[in-house]
Amino acid sequence: MSESPATAPVLLDVTDGVATITLNRPDAMNSLNIATKELLVEITAQVAKDETVRCVVLTGSGRAFCTGQDLKEHIDLLNNGGSDALFTTVDKHYNPIVTTIATMEKPVIAAVNGVAAGAGASLAFACDFRVVADTAGFNTSFAGVALSCDTGASYHLPMLVGRAKALELMYFPRTVKAPEALEIGLATSVVPAVELTAEVSTLATRLATGPTVSFGSIRRSVVYAAGHTLEEALELESAMMTKTGATHDHTAAVASFVAKEQPVFEGR
């Protein structure tokens, strides 16, 4: 098991193949200042490369999941000639973080324990599953402070809810509470807040004991298909079938099927 210091703004725990990344600024609603973003860049890259990690969980401490950009730091930078730091952060921090989350070849779960707003909502949208506490909600926030969207919201949100609904939610920011989030496709599932940890643990364990290369290949294929032609998508599907067909897990699963046994996946 690997742990981060309890006072760090981002915590990492790796147990039984599940890497749990916890945003740890509860007093600031897990908003993202520069130090937090820099650590998140580092930790997401670390778990993406770690072959012992077969599933990733992203969550927050306290009563928020993540409220996006730290506006107190933002105002300080605006008032003290730090505008370069404000707007280079998209390329230096937000884009690398969301790219790693969206493209790592292993499943990613957002355990949405509280409000997810701005870039925090965008990060949740980039995950494969959004398990949402019944007390939580989503708010795009960007237009409310006269900014465009970032952290992949323009890409992932329309995939989840469609173009028209995505534009509505971004033009007119409001908190989409858990029941509506489930209805329109923002949430994969909604559970009582007291059951969130157990529900996510069950899902993460199922994913971490599954065919990791298969999951990663499916994930890659779905992302690729969103921006390519059918012909190109089929070419990648073929390549991913060749890749997964050569894995230990595939050979073992076929043998288990013939023997009428449950397969045990090793993630290779």
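The values are calculated or read from the model by the stated rules, or taken from the named source; none is laboratory data. Since the model is a prediction, treat every value here as computed from it, not as a measurement. We place every Cβ from the backbone using ideal geometry, glycine too, and count neighbours over all the protein chains shown.
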Yes/no for Leu186 being aliphatic (A, V, I, L, M) and not assigned by TED's automatic domain parsing to the domain that holds Asp50: no
Residue among Ala121, Ala146, Ala153, Ala178 that alone is without any contact (Cβ under 8 Å) to a residue 12 or more places away in the chain and over 19 Å from Leu39 (Cβ atoms): Ala146
Members of the range 185-224 that are closer than 24 Å to Arg268 by Cα, out of contact with any strand residue (DSSP E or B) (no Cβ under 7 Å at 6 or more places or on another chain) and not polar (S, T, N, Q): Arg206, Gly210, Pro211, Val213, Phe215, Gly216, Ile218, Arg219, Arg220, Val222, Val223, Tyr224
Qualifying residue in the range 38-50 (condition: at positive phi and assigned by TED's automatic domain parsing to the domain that holds Gly118): no
Output for the range 219-240, where each listed residue is free of Cβ contacts under 8 Å to residues at least 24 places away in the same chain, of a type outside the set (Gly, Ala, Ser) and surrounded by 12 or more Cβ atoms within 10 Å (Cβ to Cβ): Val222, Tyr224, His228, Glu232, Leu234, Glu235, Leu236, Glu237, Met240
Matching residues, the range 27-72, being charged (D, E, K, R), crowded, with 18+ Cβ neighbours inside 10 Å and over 17 Å from Gly114 (Cβ atoms): Lys37, Arg54
Matching residues, the range 161-177, being among the aliphatic types (A, V, I, L, M) and crowded, with 17+ Cβ neighbours inside 10 Å: Val161, Ala166, Leu169, Met170, Val176
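Condition check ((1) touching a Gly at 6+ places or on another chain (Cβ under 7 Å); (2) on the phi < 0 side of the Ramachandran plot; (3) β-branched (Val, Ile, Thr)) across all residues:
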{"position": "Ala111", "(1), (2), (3)": "no, yes, no"}
{"position": "Gly114", "(1), (2), (3)": "yes, yes, no"}
{"position": "Ala117", "(1), (2), (3)": "yes, yes, no"}
{"position": "Ala124", "(1), (2), (3)": "no, yes, no"}
{"position": "Asp128", "(1), (2), (3)": "no, yes, no"}
{"position": "Val132", "(1), (2), (3)": "no, yes, yes"}
{"position": "Asn139", "(1), (2), (3)": "no, yes, no"}
{"position": "Phe142", "(1), (2), (3)": "yes, yes, no"}
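Residue-by-condition table, conditions (1) within 21 Å of Asp128 (Cα to Cα); (2) not assigned by TED's automatic domain parsing to the domain that holds Val57; (3) not acidic (Asp, Glu):
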| residue | (1), (2), (3) |
| --- | --- |
| Ala143 | no, no, yes |
| His156 | yes, no, yes |
| Glu180 | yes, no, no |
| Arg220 | yes, yes, yes |
| Gly245 | no, yes, yes |
Tally of residues being in a helix (DSSP H, G or I) and under 26 Å from the mean Cα position of the chain (by Cα) across the range 235-268: 8
Those residues of the range 181-218 which are of a type in the set (A, V, I, L, M, F, W, C), part of a helix (DSSP H, G or I) and in contact (Cβ under 8 Å) with a residue 40 or more places away in the chain, in sequence order: Ala181, Leu182, Ala193, Leu196, Val200, Leu203, Ala204, Leu207, Ala208, Val213, Phe215
